[in-house]
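Below you'll find the structure, written out as structure tokens, and then a few comments.
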Amino acid sequence: MATKAATIEKEEKAAIPFVILIVAWLLPGGGHLWQRRWGRGALLLVSIGSMFLLGLAMGGRFFRPTPGNIVESLGYLGDLCSGLFFLAARFLGYDAPVSPLPAADYGTKFLLVAGLLNVLCILDAYDIAVGKKT
Amino acid sequence: MLSSHFTAALIFAAVTSVVFAVTSKDTDRERVLYGLWVFGLFLVVSLGAAWVMYFIHR
């Protein structure tokens with residue numbers, strides 16, 4: 001009986017991470033919130049969300065997937081890692097052009113790094129889900 | 001929007017430090033200390049790099 005319960009719990013633990021990975025990607029801190037780590041999740045959401053919104057406010061541009069241009073393509077992947085923030089911005093028509101202004105350059109970096117930081121959050125949420133962290 | 005490059009660097013360092021601290025450490029105390037440490041390092045390195053570039057430019 002104890003072995004069967006442990007097996008079921010193990011299977012449930014093995015199945016859950018896929019959902020958590022998607023939630024964590026879509027919403028920065030979402031993976032933590034999903035697992036009831038309210039403080040950490042809220043802190044990550046506010047931090048990464050702020051960075052993303054500041055990037056938009058500074059007029060940063062999103063990278064575009066460009067065959068043959070690895071910098072642009074990797075930058076696009078980085079932007080994509082922001083999940084719903086990026087998708088919503090694109091859906092709502094945000095499309096800043098390339099600008100010589102320093103603020104816009106910072107904005108572009110803020111947008112990119114917000115996505116990259118979310119990758120760390122996704123990995124942390126996964127570690128919590130599989131029991132490597134509490 | 002930004003008053004200076006330094007302001008942007010401060011904001012960047014603050015956000016990155018928070019994320020590093022939350023995802024790397026296990027207890028709240030460790031997270032706070034590590035976050036402050038990383039933030040301080042960001043400031044030291046960015047200011048140091050700025051001075052190095054200044055003297056290279058001269």
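Only the coordinates and a few stated rules stand behind these numbers; no lab work does. Because the structure is predicted, anything quoted here is derived from the model rather than measured. With ideal geometry, Cβ positions are generated from the backbone for all residues, glycine too; neighbour counts draw on all protein chains shown.
Couple of notes before you dig in:
- Peptide B:16-26 shows a mean partner chain C-beta count of 6 within 10 Å per residue C-beta.
- Between 0 and 90°, nearest 10: helix B:5-24 axis offset from chain B longest Cα axis: 20
- GNM top mover of A:G29, A:G39, A:G93 - chain A, alpha-carbon springs below 10 Å: A:G93
- Span-like helix criteria (full DSSP H runs; alpha carbon extent of at least 30 Å along the helix axis; mean Kyte-Doolittle hydropathy of at least 0.0) are satisfied in chain A by A:2-26, A:102-129.
- On Cα atoms only, tilt of B:28-57 relative to the major axis of chain B in degrees: 10
- Charge dipole magnitude, Cβ of K and R +1, D and E -1 - the protein assembly as shown, Cα centre, debye nearest 20: 220
- Only Cα pairs under 8 Å and 6+ residues apart enter the sum, and on that basis the relative contact order of chain A stands at 34 percent.
- Of the residues A:S50, A:S82, B:V32, the one whose Cα sits farthest towards the positive end of the charge dipole of the protein assembly as shown is B:V32 (charges of +1 on Lys and Arg Cβ, -1 on Asp and Glu Cβ, taken about the Cα centre).
- The sum of -39500 (n - 2.57) across all DSSP H runs of n ≥ 4, divided by the residue count of chain A, sets its helix-only mean residue ellipticity at 222 nm to -24000 deg cm²/dmol.
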